[in-house]
Amino acid sequence: MSSENAVATEGLVKDFGSVKALDGVDLVVPMGSVVGLLGPNGAGKTTIVRILSTLLKPTAGRALVAGFDVVKQPDEVRRTIGLTGQYSAVDEYLTGRENLRMFGDLYHLKPSFVRERADELLAEFDLTDAADRPVRTYSGGMRRRLDLAASLIARPEILFLDEPTTGLDPRSRQGMWSVIKALVASGTTVLLTTQYLEEADQLAREIVVIDHGRVIAQGTADQLKDQIGGDRIEVTVTEPSMVQAAVQAIAAVGAGTPSVEDLRISAPASGGSTVLVEAVRALDAASVEIADLTLRRPTLDDVFMSLTGHSAESDSGPAPTSGRRVRRR
């Protein structure tokens, strides 16, 4: 557990009564990197962040943040980190500027520094025009940006982002991604938790996949996708009664065992676009009506499905796809 790492955990365990939220997690986040913790709700992501930010004590194991032990040296840890949780920590009755100054006071920072830093953050997060309005008049995306700005008031070396875009509309989510990318480019070390596959793909250089309190895989997005290998053929049928026939048809033209999620069947494929023609023939022969037929590169969701048998985004809908597509109406 080198002190040169921003975060290092060894055998981290957390029990809540009979429930084991973490079951021996080993995690390393090098200084200056961005690491994504990817997994569904209940996987243990938030528990890890709460332990690293000294809000919870582990049942067993050890965790260091910036070289400081989270149990033995909590004050030192708090001085080096910023935290943005799943739910906004700002006061809706204060203005945006007043919120930032309040956080500066909580850090016992000099008033002159806080005033200058607040103006800097309001500009950086495109909140200057709304700086003197009560936060209760802000949109969801504006509140999340202010929440993130508040976590940066003391210029932390390490930033923990716990599902920072949960509940945001697509436009606000894209805006938050841009802000986070700028932070990473400026050298901030980021540990990001998310259940959105696209978010992990966009933001994290290294991804740690967690499920049921255990690390089940890690690597770059490309390394994880290489575990699946090749293209994938994916068909969506119009009726549940057609799923089994579609599975058999795709199994006949694909290069591996198909997986099924609701009305969507997916399988590894080889042969390029010719497999689409073969799939259409096989599905027509089986009298299967298709709503969508796609040949695409594997996604992180495919990786998660292959590792766990269920989707990482089970609560947020299927992951978006891209590739050659045939539609029928």
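The values are calculated or read from the model by the stated rules, or taken from the named source; none is laboratory data. Since we're looking at a predicted model, the values are computed, not measured. With ideal geometry, Cβ positions are generated from the backbone for all residues, glycine too; neighbour counts draw on all protein chains shown.
Filtered by the rule that a residue be buried (at least 19 other Cβ atoms within 10 Å of the Cβ) and more than 28 Å from residue 20 (Cα to Cα), region 202-218 gives a lone residue, 203. Among the residues of this structure, residue 85 does not count as one that is surrounded by fewer than 23 Cβ atoms within 10 Å (Cβ to Cβ) and either polar (S, T, N, Q) or over 24 Å from residue 180 (Cβ atoms) (or both).
When region 145-171 is filtered for residues that are outside any loop (DSSP other than H, G, I, E, B), farther than 17 Å from residue 195 by Cα and not β-branched (Val, Ile, Thr), the ones remaining, listed by number, are 145, 146, 147, 148, 149, 150, 151, 159, 171.
Taken as a whole, region 108-125 holds at least one residue that is buried (at least 20 other Cβ atoms within 10 Å of the Cβ), of a type outside the set (Lys, Arg) and not in a helix (DSSP H, G or I). Right, residue 291: modelled with pLDDT of 75 or more, buried (at least 21 other Cβ atoms within 10 Å of the Cβ) and over 24 Å from residue 224 (Cα atoms) or not? Here the answer is no, as residue 291 does not meet what is asked. In region 154-183, the residues that are assigned by TED's automatic domain parsing to the domain that holds residue 142 and under 21 Å from residue 32 (Cβ atoms) form Cβ pairs under 7 Å with partners that are surrounded by fewer than 19 Cβ atoms within 10 Å (Cβ to Cβ) and among the polar types (S, T, N, Q), at six or more places apart or across chains, as follows: 156/80; 157/80; 158/80; 162/86; 177/202. Restricting attention to region 57-72, the residues that are within 21 Å of the chain's Cα centre (by Cα) and surrounded by fewer than 18 Cβ atoms within 10 Å (Cβ to Cβ) add up to 0.
Selection of region 29-42 for residues being modelled with pLDDT of 90 or more, assigned to a loop (DSSP other than H, G, I, E, B) and surrounded by 21 or more Cβ atoms within 10 Å (Cβ to Cβ) yields an empty set. Being within 18 Å of residue 54 (Cβ to Cβ) and touching a residue at least 24 places away in the same chain (Cβ under 8 Å): is that true of residue 89 here? Taking the combined requirement at face value, the residue satisfies it. Within region 43-57, does at least one residue satisfy the condition of being of a type in the set (D, E, K, R), more than 27 Å from residue 165 (Cβ to Cβ), in a strand (DSSP E or B) and at pLDDT 95 or above? Within region 43-57, not a single residue is of a type in the set (D, E, K, R), more than 27 Å from residue 165 (Cβ to Cβ), in a strand (DSSP E or B) and at pLDDT 95 or above.
Taken together, the residues in region 78-120 that are under 24 Å from residue 65 (Cβ atoms), touching a Pro at 6+ places or on another chain (Cβ under 7 Å) and of a type in the set (Ser, Thr, Tyr) amount to 2.
Only one entry in 227, 195 is within 16 Å of residue 301 (Cβ to Cβ), surrounded by fewer than 17 Cβ atoms within 10 Å (Cβ to Cβ) and of a type in the set (S, T, N, Q), namely 227. Against the test of being more than 30 Å from residue 185 (Cβ to Cβ), within 27 Å of the chain's Cα centre (by Cα) and not aromatic (Phe, Trp, Tyr), the options 226, 222, 231 yield a single qualifying residue, 231. Looking at region 64-85, is at least one residue within 28 Å of residue 202 (Cα to Cα), outside any helix (DSSP H, G or I), without any contact (Cβ under 8 Å) to a residue 60 or more places away in the chain and not charged (D, E, K, R)? No, because not a single residue in region 64-85 is within 28 Å of residue 202 (Cα to Cα), outside any helix (DSSP H, G or I), without any contact (Cβ under 8 Å) to a residue 60 or more places away in the chain and not charged (D, E, K, R). The set of residues in region 105-145 that are in contact with a Phe, Trp or Tyr (Cβ under 7 Å, 6 or more places away or on another chain) and either among the basic types (Lys, Arg) or within 22 Å of residue 177 (Cβ to Cβ) (or both) comprises 130, 136, 145.
This table checks each residue for (1) modelled with pLDDT of 90 or more; (2) assigned to a helix (DSSP H, G or I); (3) in the same structural domain as residue 196 (by TED's automatic domain parsing).
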{"site": "234", "(1), (2), (3)": "yes, no, no"}
{"site": "246", "(1), (2), (3)": "yes, yes, no"}
{"site": "252", "(1), (2), (3)": "yes, yes, no"}
{"site": "271", "(1), (2), (3)": "no, no, no"}
{"site": "280", "(1), (2), (3)": "yes, yes, no"}
